[in-house]
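The values are calculated or read from the model by the stated rules, or taken from the named source; none is laboratory data. Here the structure is a predicted model, which means the values were calculated and not measured. Note that we place each Cβ from the backbone using ideal geometry, even for glycine, and neighbour counts take in every protein chain shown.
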Amino acid sequence: MQSAKPRAIHACLRLFLLLSLLVLLACDAKAVAAVLRARLYCCLETLIPSLFGCMAVANLLLESGAVGVLGNLLRKPARLLHWSAETAGVFVISQLAGYPVGASLLAEMARAGRILPEDAQRLTAVCYGGGPAFLVGMAGAELFGSVTVGWVMFAACVLANLVMAILLRPHTTPDTTAESAAEGLTPAVLIHSVERAWQSLGRICGIVLGFGIVYRLLIGSGLPNVLSTWLHLPGKWICGMMAVVLDVAQLPQLFECGIPWQALLPLTAGLLSFGGICVQAQVIAMQPGISGMRLILVRLATATLAGIWTCLFLPMIPDLDAVATFSPQMRGSESGSILPAIFIFLSGFPMFLKKDWTNQKNCDIMKKR
């Protein structure tokens with residue numbers, strides 16, 4: 001009876017918190033709807049078109065065996081890290097394709113028995129990167145007005161991941177004989193890769209919308225004002241940092257705070273390496289068994305390394321004067337077209353019919369049509 005009482009208390013506390021959250025959402029319905037609308041446009045206009053192709057191709061590389069071929073080119077460095085060739089290939093792809101891609105590939109490898117689940121969970125913390133499209137295109141070109149700065153931050157993030165990979169490497173090199181043979185670019189592999197990309201995107205977009213609500217509730221609670229008074233920092237700085245720590249896609253808000261660029265540049269590199277709690281929630285959704293606290297601690301350490309690398313690289317940037325005077329002009333998220341997301345949705349529609357499209361009979365029907 002004594003053990004049942006604490007459980008009942010915890011259940012009542014959870015019920016109270018969830019009902020309180022429901023009341024807050026109902027009272028602030030208009031503002032929450034505006035936030036969700038902006039996040040939905042962000043998913044339709046930017047997230048889905050940019051991530052779908054990367055995730056589909058990354059899954060295709062893994063299932064067709066091409067990742068192993070890439071890893072063979074990195075066999076010697078992989079041995080130093082006690083990695084298999086395929087793991088080295090996944091690390092490279094994860095630095096280029098976008099934050100959740102590495103976690104998705106490692107989870108697929110663990111399901112297929114090509115890597116131990118505990119190794120997949122450990123490697124997820126370093127097979128983690130925003131990719132050049134985000135770091136160079138958005139952070140470098142649009143926010144700092146310099147592609148060179150974007151590449152410097154990208155290099156700093158990759159090097160920070162590499163240093164952390166060395167620190168977290170396993171004691172022995174895994175047996176690579178258990179790795180599955182390449183299946184080739186068959187119709188089954190192609191369809192399965194597209195389906196997995198669609199499933200992953202569904203989780204990611206749901207988490208992005210959810211964190212929009214979390215940010216709105218934190219702002220409405222008055223927490224930024226309390227932190228501003230406690231830390232003796234401007235409230236705008238607190239709001240900007242809170243937005244980016246929750247979701248790195250909100251990085252433009254930090255550039256509106258008036259932080260000196262000498263501090264802003266390494267801070268931005270560190271935040272891009274950290275990825276934000278929203279991205280880490282996406283990674284945990286891909287790897288259900290991973291420790292969220294360990295992931296956050298590893299990413300905080302890696303973010304610190306990325307900031308240090310960026311400071312060391314500063315003398316190598318030729319156009320720092322231009323960066324110091326550049327005023328970022330980000331285009332509104334609702335000004336673009338959502339047609340690419342609609343076409344991508346239509347391409348994934350057969351998945352909802354619950355048919356096995358990789359079945360040979362279904363493939364023959366499609367060929368006849």
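Test Met351 against the stated conditions and say whether it is under 30 Å from Ala155 (Cβ atoms) and either at pLDDT 85 or above or surrounded by fewer than 21 Cβ atoms within 10 Å (Cβ to Cβ) (or both).
no
May I ask you to list pairs of residues, at least six apart or on different chains, whose Cβ atoms are under 8 Å apart, with the first in region 204-226 being on the phi < 0 side of the Ramachandran plot and the second being charged (D, E, K, R) and part of a loop (DSSP other than H, G, I, E, B)?
Hits for this filter: Val208/Asp247; Phe211/Asp247; Gly212/Asp247; Tyr215/Asp247; Arg216/Asp28; Leu217/Asp28; Gly220/Asp28.
Look through region 221-230, keep the residues that are exposed (fewer than 14 other Cβ atoms within 10 Å of the Cβ) and assigned to a helix (DSSP H, G or I), and return whichever of them is modelled with the highest pLDDT.
This residue is Trp230.
Report, by residue number, each residue of region 97-128 that is within 19 Å of Ala197 (Cα to Cα) and surrounded by fewer than 17 Cβ atoms within 10 Å (Cβ to Cβ).
Listed by number, the residues that qualify are Arg111, Ala112.
So if I check each of Thr124, Thr87, which one is among the β-branched types (Val, Ile, Thr) and within 30 Å of Leu265 (Cβ to Cβ)? Spell out the reasoning first.
Values: Thr87 fails: within 30 Å of Leu265 (Cβ to Cβ).
One residue alone meets the criteria, Thr124.
For region 166-179, check the following and say yes or no: at least one residue is aliphatic (A, V, I, L, M), buried (at least 17 other Cβ atoms within 10 Å of the Cβ), modelled with pLDDT of 75 or more and outside any loop (DSSP other than H, G, I, E, B).
Within region 166-179 (the criterion being aliphatic (A, V, I, L, M), buried (at least 17 other Cβ atoms within 10 Å of the Cβ), modelled with pLDDT of 75 or more and outside any loop (DSSP other than H, G, I, E, B)), the answer is no, since none of the residues qualifies.
Could you identify the single residue in Ser221, Ser273, Ser228 that is within 22 Å of Ala160 (Cα to Cα) and of a type in the set (Gly, Ala, Ser)?
Answer to the check: Ser273.
Working carefully through the options Ala8, Ala26, Ala4, find the one that is at pLDDT 70 or above and among the aliphatic types (A, V, I, L, M).
Of the residues listed, the single one that is at pLDDT 70 or above and among the aliphatic types (A, V, I, L, M) is Ala8.
Answer yes or no as to whether Val35 is modelled with pLDDT of 70 or more, touching a Gly at 6+ places or on another chain (Cβ under 6 Å), under 24 Å from Gly129 (Cβ atoms) and surrounded by 13 or more Cβ atoms within 10 Å (Cβ to Cβ).
no
Answer yes or no: is there a residue in region 186-195 that is among the hydroxyl-bearing types (Ser, Thr, Tyr), at pLDDT below 80 and under 22 Å from the mean Cα position of the chain (by Cα).
yes
Checking the structure you have, find out if any residue of region 138-151 is aromatic (Phe, Trp, Tyr) and crowded, with 24+ Cβ neighbours inside 10 Å.
Yes; the residues of region 138-151 include at least one that is aromatic (Phe, Trp, Tyr) and crowded, with 24+ Cβ neighbours inside 10 Å.
Kindly provide the set of residues from region 198-220 that are modelled with pLDDT of 75 or more and within 13 Å of the chain's Cα centre (by Cα), ordered by number.
Matches in region 198-220: Ile204, Cys205, Ile207, Val208.
Restricting to region 273-306, name every residue that is assigned to a helix (DSSP H, G or I), of a type outside the set (A, V, I, L, M) and either surrounded by 22 or more Cβ atoms within 10 Å (Cβ to Cβ) or modelled with pLDDT under 85 (or both).
The answer is Ser273, Phe274, Gly276, Cys278, Gln280, Gln282, Gly292, Arg299, Thr302.
Would you mind listing the helices (runs of 4 or more DSSP H) fully within region 65-137 where at least 1 residues are under 13 Å from the mean Cα position of the chain (by Cα), hydroxyl-bearing (Ser, Thr, Tyr) and more than 15 Å from Phe274 (Cα to Cα)?
101-111
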